[in-house]
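Just below is one structure, and these are the notes that go with it.
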Amino acid sequence: MNKPAELKLDTVPVWIDGKPVVPQGRMGEVYNPATGQVTKRVPFCDDAVIDQAVKAAAAAYPEWRDASILRRARVMQKFLQLMQANQKGIARLITEEHGKTLPDAMGSVQRGIEVIEFACGIPQLLKGEYSENVGAAVDTHTVRQPVGVCAGITPFNFPAMVPLWMFPMAIACGNTFILKPSEKVPSASIRMAELFKEAGLPDGVFNVVHGDKVAVDAILNHPGIHAVSFVGSTPIAKYIYETCARNGKRVQALGGAKNHAVVLPDADLEFAADALIGAAYGSAGERCMAISAVVAVGSAADPLISLLKKKAEMIKIGPGDKEGVEMGPLVSAQHRDKVASFIAQGKKEGAKTVLDGSAPPVQEGYFLGATLFDNVTRDMEVYKNEIFGPVLVVLRVDSLEKAIEIINSNPYANGTAIFTGSGGAARRFENEVQVGMVGINVPIPVPVAFYSFGGWKNSLFGDLHVHGMEGVKFYTRTKVITTRWPNTDAPTSRLGDTPAPGLNMPTLG
Ligand code: NAD
């Protein structure tokens, strides 16, 4: 049984039916990665709590589905204003629990807010199609209707942005929603739930639960949930996709990545090196769009590597809330150790260590320095795995063709980039590379909110990407209505040229 929250500072509540609640049962710990200290506790929900959330979302659904589109848009506009006013507070929660720097956290919340801006345009986005006279006195139109109760399961690395890819779109479309954020970073989601309520969202439309595999499995197997959006690592994404498909749920499951940047000899190498430093080491490499492999073509390699080394050595490492710090800690001790073991493995398997970040200058917390490996080959573990830390590997090739072949043979296909001064090379790359999001002299090509985000191959299981029009399509079902209204003032045209009823396949026109 749940009891109303006694909002202890150290326990992050769940949010069900418009209220904070602290369920009894298993608890997890939330850390400040910059100090290694436990700062809060978080409840790990079981089937009963998930069922409560589904009941609240199901009860709120009929009224929200039938609310006018303008009302839904106005609630969204108010939520947008509140998110803008509270952006810094949410960024602080992210820095405290994830470790990324405050300016980086601010930027990520901003990218999430842009999805709310897009969702404010829902009256325009939900317009259907209409064809007059598809037969005599017969018209056809389409409507986009919500799917029902939707759920989102999100990773640790973007505590606000990734949830914001999902729930504003789903709710603007008329669905109700249950969010299960990463148990490592639970607070930003609860803050957003409070703000959404303040914006006028009816209770039960947006709910937040916490936990691990137990909570996730309860979501995947609950018959009252109709669609699931997932973002996280590839093995879990595949599991989510398969389980939801088996259970008859609509599903989109975004997975991990190994993003390559090709640098051609005609690129502005200074510009490319600056861009790559940000893309590889920003957020300590814990971004699904981080560049973790550089494919240096021909004579670009030597000067590029010395520029990367020089710039990576200058990165200021420390707690994310300290002024001037550029790279914070990894999210957990376990993850820091895993990344460190990849650095050790890279040395063992013969990659050339240009920069070794395994002994960072900061003592407490989960820090690593920037690591740069040269002469990496495709059979090495440091290339094959998504390390998800501040480790950049360089592969040397002699042609653009070879670079494209390497990228296309990688099982991941989230993002990629090319740095070049040649329009022809860029065009060929754009055309031939088999990756979902491509940057041309842009290192992290995360699409703006009115386009859709998603990779190919092992980086996405499902068909529809998140936000933009594909987000609207994921959270709605199209219904096609065919209508006959004979003109009663002109009785002779009552039946038009429609054939008399019979057993044959009806035709129109
Ligand atoms: P994760 O897969 O470990 O966890 C993601 C979510 O799944 C969390 O909510 C977690 O509680 C849950 N989960 C974990 N293990 C589970 C299990 N065995 N069964 C059911 N649910 C489980 O991912 P993470 O470590 O939180 O995040 C990092 C990963 O997310 C990286 O691989 C990164 O590339 C990926 N990511 C991808 C994108 C994208 O857009 N493709 C965006 C951000 C992060």
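The values are calculated or read from the model by the stated rules, or taken from the named source; none is laboratory data. In this text, all values refer to a predicted model and were calculated from it rather than measured experimentally. Here Cβ is always computed from backbone atoms with ideal geometry, including for glycine, and neighbour counts include all displayed protein chains.
Below are the figures for this structure:
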quantity	calculated
When residues of the stretch 246-255 are limited to those that are assigned to a loop (DSSP other than H, G, I, E, B) and within 16 Å of the ligand (Cβ to nearest atom), the one nearest to A151 (Cα to Cα)	K249
Selection status of A359, of a type in the set (A, V, I, L, M, F, W, C), exposed (fewer than 14 other Cβ atoms within 10 Å of the Cβ) and either within 16 Å of the ligand (Cβ to nearest atom) or modelled with pLDDT under 95 (or both)	yes
Flag for G174 being buried (at least 20 other Cβ atoms within 10 Å of the Cβ), near the ligand (Cβ under 10 Å from one of its atoms), part of a loop (DSSP other than H, G, I, E, B) and over 17 Å from the mean Cα position of the chain (by Cα)	no
Subset of the stretch 208-227 [in a helix (DSSP H, G or I) and either free of Cβ contacts under 8 Å to residues at least 24 places away in the same chain or within 11 Å of the ligand (Cβ to nearest atom) (or both)]	K213, V214, A215, V216, D217, A218, I219, L220
Scan of the stretch 178-193 for residues that are in contact (Cβ under 8 Å) with a residue 60 or more places away in the chain and either more than 15 Å from the ligand (Cβ to nearest atom) or part of a loop (DSSP other than H, G, I, E, B) (or both), ordered by number	E183, K184, V185, P186, R191, M192, A193
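Residues are listed down the side, and each one gets a yes or a no for (1) in contact with a helix residue (DSSP H, G or I) (Cβ under 6 Å, 6 or more places away or on another chain); (2) assigned by TED's automatic domain parsing to the domain that holds I407; (3) not aromatic (F, W, Y):
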residue: S358; (1), (2), (3): yes, yes, yes
residue: P361; (1), (2), (3): no, yes, yes
residue: D379; (1), (2), (3): no, yes, yes
residue: Y383; (1), (2), (3): no, yes, no
residue: L392; (1), (2), (3): yes, yes, yes
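Every residue, every condition in (1) at pLDDT 95 or above; (2) outside any strand (DSSP E or B); (3) basic (K, R); (4) more than 8 Å from the ligand (Cβ to nearest atom), yes or no:
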residue: S229; (1), (2), (3), (4): yes, no, no, yes
residue: A237; (1), (2), (3), (4): yes, yes, no, no
residue: C244; (1), (2), (3), (4): yes, yes, no, yes
residue: A257; (1), (2), (3), (4): yes, yes, no, no
residue: A261; (1), (2), (3), (4): yes, no, no, yes
residue: A267; (1), (2), (3), (4): yes, yes, no, yes
residue: F271; (1), (2), (3), (4): yes, yes, no, yes
residue: V295; (1), (2), (3), (4): yes, no, no, yes
